[in-house]
Amino acid sequence: MMHEDSSSEAQPAPVGRAGLIAQSPAMQQVLEMARRAAQTDVSIMLLGESGVGKEVVSRFVHRSSPRAQAPFIAINCAAIPETLLEATLFGFEKGAFTGALQSAPGKFEQAQGGTLMLDEVTEMAAGLQAKLLRVLQEREIERVGGRKRIALDLRIVATSNRELQLAVKQGVLREDLYYRLSVFPLRIPPLRERREDILPLATSMLEHYAARFGLGLAPQLDAGAKQSLQSHQWPGNVRELENVIQRSAILCAQGVITVSDLFLQTFEVVAPSFPRLPAGDQAAMEAARAPVRRDLDAELADNERQLIADALRDSHGSKKLTAERLGISPRTLRHKLQRLREAGVELPPTHDG
Ligand SMILES: Nc1ncnc2c1ncn2[C@@H]1O[C@H](COP(=O)(O)OP(=O)(O)OP(=O)(O)O)[C@@H](O)[C@H]1O
Ligand SMILES: [Mg+2]
């Protein structure tokens with residue numbers, strides 16, 4: 001039975017796109033290593049910036065493993081309060097706490113035989129980290145309020161967008177857990193370091209959205225749009241690309257996406273039209289390709305505003321998650337939001353959770 005339970009607590013499941021795109025040598029190498037690790041029972045630590053595809057690669061590990069027919073269960077450790085997280089992971093017996101009217105299995109048990117993805121494992125509270133360490137060592141659990149030991153047979157894939165050594169230094173991640181988790185680390189490079197993947201990803205996403213929005217034939221990217229996508233920095237990685245493509249698929253006219261449909265906020269605003277050049281005129285060619293530079297401060301501010309708005313939307317307005325996604329402190333985020341609102345920028349509604 002194929003059962004994919006995504007972390008519905010936090011993020012929408014990745015859309016059922018046909019495949020995982022990996023054209024770049026860097027990404028192919030990641031997948032090759034993932035495929036090998038998948039044949040064993042080793043715990044895998046997936047590292048990478050927000051939006052690089054950690055969940056996508058976790059699912060790939062599961063599919064490539066002998067456990068493929070058993071459940072894949074994902075849980076976002078950052079999205080659930082500590083007390084609830086423990087009961088969610090370990091399950092509980094009837095009467096274990098007020099409101100535990102029935103006993104229930106936790107995610108560990110639900111993932112029996114399969115794969116458990118502990119998303120953003122570094123955001124787990126210290127007490128739970130100790131309990132997780134024990135699970136990894138002993139391969140068994142007890143439900144909250146229970147006595148029975150339940151043997152576990154599953155693979156754990158943990159993810160983080162932090163630098164683990166730094167997280168240890170900052171006291172965010174227990175050192176002993178760090179050693180346990182980083183037996184098989186896999187780092188997914190940011191999109192800007194594997195530009196060969198950009199256009200294949202964009203094309204596959206266009207086909208997906210064309211089908212989903214009933215647009216008929218998938219819109220095509222014109223030359224300027226392609227160049228613009230390829231030279232963008234993609235601080236939000238594949239998720240940012242997905243947002244841009246989705247928006248442009250809706251906005252474009254007559255099935256052709258131009259630079260202006262992309263609404264890319266970049267340092268380098270590519271000139272919208274390219275003069276025709278005599279073949280071989282290298283210097284003129286370079287000049288035509290050179291980006292038009294806008295005022296740096298304005299570009300930075302635009303970029304920041306876009307990133308914050310995207311992160312807020314992806315986090316469903318949670319300030320905590322948004323700050324984590326952006327790698328800034330909640331305090332810094334609060335400041336920036338206040339400044340933006342004062343400047344009259346419309347932002348999605350936010351909450352503290
Ligand atoms: N190689 C890929 N091929 C196709 N789609 C991809 C690929 N990588 C990422 N995506 C898509 O990009 C989006 C972000 O990917 P994913 O959720 O796996 O990233 P993540 O690293 O887990 O992000 P976060 O750190 O924010 O949780 C998803 O919608 C996913 O389907
Ligand atoms: Mg994720």
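The values are calculated or read from the model by the stated rules, or taken from the named source; none is laboratory data. Please read these numbers as outputs of a predicted model, since none were measured by experiment. Please note: Cβ atoms are built from the backbone with ideal geometry, for glycine as well, and neighbour counts cover all protein chains shown. To get the accessible areas, we keep the full protein, side chains included, count just its heavy atoms, and leave off ligands, DNA and RNA. Shrake-Rupley method; radii C 1.70, N 1.55, O 1.52, S 1.80 Å.
For an R0 of 22 angstrom, estimate the FRET efficiency from the Cβ-Cβ distance between Glu175 and Arg139 and round to the nearest 0.05.
E between Glu175 and Arg139, to the nearest 0.05, is 0.55.
Taking amide hydrogens as placed 1.01 Å from N in the peptide plane, the amide H of Ala100 sits under 5 Å from those of Gly95, each at least 5 positions away in sequence or on another chain.
Net charge in the neighbourhood of Arg187 (other residues with Cβ under 11 Å of its Cβ; Lys, Arg +1, Asp, Glu -1) is -2. Under 5 Å from the amide H of Ser318 lie the amide H atoms of His351, each residue being 5 or more positions distant or on a separate chain, with H modelled from the backbone and absent for Pro and chain starts. Surface composition of segment 298-342: carbon and sulfur make up 53 percent of the accessible area, probe 1.4 Å. Taking amide hydrogens as placed 1.01 Å from N in the peptide plane, the amide H of Gly146 sits under 5 Å from those of Glu93, each at least 5 positions away in sequence or on another chain. For segment 338-353, 3J(HN,Hα) computed residue by residue from phi via the Karplus equation (6.51, -1.76, 1.60; θ = phi - 60°) reads 4, 4, 5, 5, 4, 7, x, 7, 7, 10, x, x, 10, 9, 7, x Hz, glycine and proline entered as x. Inter-label distance, Gln254 to Ala223: 1.7 nm, where each label sits 7 Å from its Cα along the C-beta direction. Each of Leu215 and Leu347 was given a label point 7 Å from its Cα along the Cα-to-Cβ line. The distance between the two points is 3.0 nm.
The label point for Ala68 and the one for Lys94, both projected 7 Å from the Cα toward the Cβ, are 4.1 nm apart.
For segment 156-226, the list of GluC sites (Glu not before Pro) that fall in a loop by DSSP and count at most 14 other C-beta atoms within 10 angstrom reads Glu163.
What segment 4-189 shows is 45 Å² of accessible area per residue, with the surface traced by a 1.4 Å probe over protein heavy atoms. Both radii were evaluated on the Cα set of segment 145-250; the Rg over Rh quotient, with Rh as the Kirkwood radius, amounts to 1.18.
Rounded to the nearest 20 debye, the dipole size of segment 298-342 about its Cα centre is 320 debye, using +1 on the Cβ of Lys and Arg and -1 on the Cβ of Asp and Glu.
Rolling a 1.4 Å probe across the protein heavy atoms gives segment 298-342 an accessible surface of 52 Å² per residue. In the frame of its principal axes, segment 298-342 has Cα extents of 26, 18, 17 Å, reported largest first. Sequence-ordered 3J(HN,Hα) estimates for segment 229-240 from the Karplus curve with 6.51, -1.76 and 1.60 and θ = phi - 60° stand at 4, 6, 9, 5, 7, 6, x, x, 6, 5, 5, 5 Hz, glycine and proline given as x. Calculated FRET efficiency, Asp153 to Met33, Cβ-Cβ distance, R0 = 22 Å: about 0.40 to the nearest 0.05.
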